[in-house]
Amino acid sequence: MSSISKKNVDLGAMRKPYSTKQQILLETQLESKNPLKLFDIWFDEIKKCGKIYEPNAVCLATSDKNGRPSARMVLLKAYGDQGFTIFTNYESRKGQEMIQNPNASLLFYWDVFNRQVRIEGRVEKVSEEESVQYFKSRPRASQLSARISQQSKPIDSRDKMVDIYNEEEIKYPNDIPKPHFWGGFTIVPEVYEFWMGQTDRLHDRIRFFKSDDNQKVDGIITKLGEDGWAYQRLQP
Ligand SMILES: Cc1cc2nc3c(=O)[nH]c(=O)nc-3n(C[C@H](O)[C@H](O)[C@H](O)COP(=O)(O)O)c2cc1C
């Protein structure tokens, strides 16, 4: 009988060459020096390739008021000048953490493209109107699940959950109102990092942050981007 506790699972040899559509991320060839526009160009390319099941799946990292971090996947539902918006339960672990500590980080990884984008920023609650509007667009089953789930809290069994769901379904034969504890958060980026993996592990990393002039960060002069952003290459 094999017991995982008695052996070390060695993943040391799990290493893939990064060779698909290999590109180098050069400062002179950035498709935009505004990180939101660059994100949009990358995201469009990734969406169009059709090889990634959920290109908008993103890891959201939050932390509590003592700085203890937690991370989970969510679906990005909008992005633009206002920031990057996700929807969830305000009373869930992530919801409470973002209320207590309004700083969060998003991490996209699209393996087919050997690309990663990191975003760090301030968290803002989405307006009630916008949350209602998005809630209305969701399938009925998702609306019901959002209503009955006390997300992140324990429950006795799946059967109990299904019973509560069925009772709620009977209560609302027509429109299902958005519960007060459910809605959106927008992460307003302060820092972006675009990463492109290279087979020789000399990966490309370009970090953008808000700045209107050239300054030295960690001894290296930053380059001016567009629309109030500056950028630097980071070592891999
Ligand atoms: C691909 C994927 C997408 C998800 N999208 C969402 C989402 O948009 N909103 C959400 O609340 N949970 C989403 N979840 C579930 C979360 O990962 C998580 O289990 C849940 O939100 C509870 O997290 P918390 O206890 O840290 O608050 C998703 C999970 C996966 C794997």
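Within region 98-153, which residues are of a type in the set (Phe, Trp, Tyr), open to solvent by 40 Å² or more (accessible area, probe 1.4 Å) and in a strand (DSSP E or B)?
Taking region 98-153 and keeping what is of a type in the set (Phe, Trp, Tyr), we get 108-110, 113, 134-135.
Retained after the next criterion (residues that are open to solvent by 40 Å² or more (accessible area, probe 1.4 Å)): 109, 134.
Once the filter is applied, which keeps residues that are of a type in the set (Phe, Trp, Tyr), open to solvent by 40 Å² or more (accessible area, probe 1.4 Å) and in a strand (DSSP E or B), region 98-153 yields only 109.
Check whether at least one residue in region 118-139 is away from the ligand (no atom under 13 Å from the Cβ), of a type in the set (Phe, Trp, Tyr) and touching a helix residue (DSSP H, G or I) at 6+ places or on another chain (Cβ under 8 Å), and report yes or no.
no
Only one of 210, 178 is open to solvent by 20 Å² or more (accessible area, probe 1.4 Å) and either over 30 Å from residue 137 (Cβ atoms) or among the hydrophobic types (A, V, I, L, M, F, W, C) (or both). Can you tell me which? Let's see the steps before the verdict.
Details: 178 fails: either over 30 Å from residue 137 (Cβ atoms) or among the hydrophobic types (A, V, I, L, M, F, W, C) (or both).
Going through 210, 178 in turn, the sole match is 210.
What are the residues in region 81-97 that are in a strand (DSSP E or B) and within 15 Å of the ligand (Cβ to nearest atom), if any?
Filtering region 81-97 down to residues in a strand (DSSP E or B) leaves 83-89.
If the condition is that a residue be in a strand (DSSP E or B) and within 15 Å of the ligand (Cβ to nearest atom), then 84, 85, 86, 87, 88, 89 are the ones that fit.
Can you pull out every residue in region 27-74 that is hydrophobic (A, V, I, L, M, F, W, C), farther than 21 Å from residue 94 by Cα and either touching a residue at least 40 places away in the same chain (Cβ under 8 Å) or surrounded by 16 or more Cβ atoms within 10 Å (Cβ to Cβ) (or both)?
30, 36, 38, 39, 42, 43, 46, 49, 52
Can you name the condition, by its number, that residue 174 falls short on among (1) touching a strand residue (DSSP E or B) at 6+ places or on another chain (Cβ under 7 Å); (2) among the polar types (S, T, N, Q); (3) part of a loop (DSSP other than H, G, I, E, B)?
Going through the list (1) touching a strand residue (DSSP E or B) at 6+ places or on another chain (Cβ under 7 Å); (2) among the polar types (S, T, N, Q); (3) part of a loop (DSSP other than H, G, I, E, B), residue 174 breaks only (1).
Could you count how many residues in region 151-172 are touching a Ser or Thr at 6+ places or on another chain (Cβ under 8 Å) and in contact (Cβ under 8 Å) with a residue 24 or more places away in the chain?
Counting residues in region 151-172 that are touching a Ser or Thr at 6+ places or on another chain (Cβ under 8 Å) and in contact (Cβ under 8 Å) with a residue 24 or more places away in the chain gives 2.
The values are calculated or read from the model by the stated rules, or taken from the named source; none is laboratory data. No experiment lies behind these values; they were computed from the predicted model shown. Neighbour counts run over all protein chains shown; Cβ positions are idealised from the backbone, glycine included. Quick note on the areas: whole protein, heavy atoms, side chains included, nothing else; ligands and nucleic acids left out. Shrake-Rupley method; radii C 1.70, N 1.55, O 1.52, S 1.80 Å.
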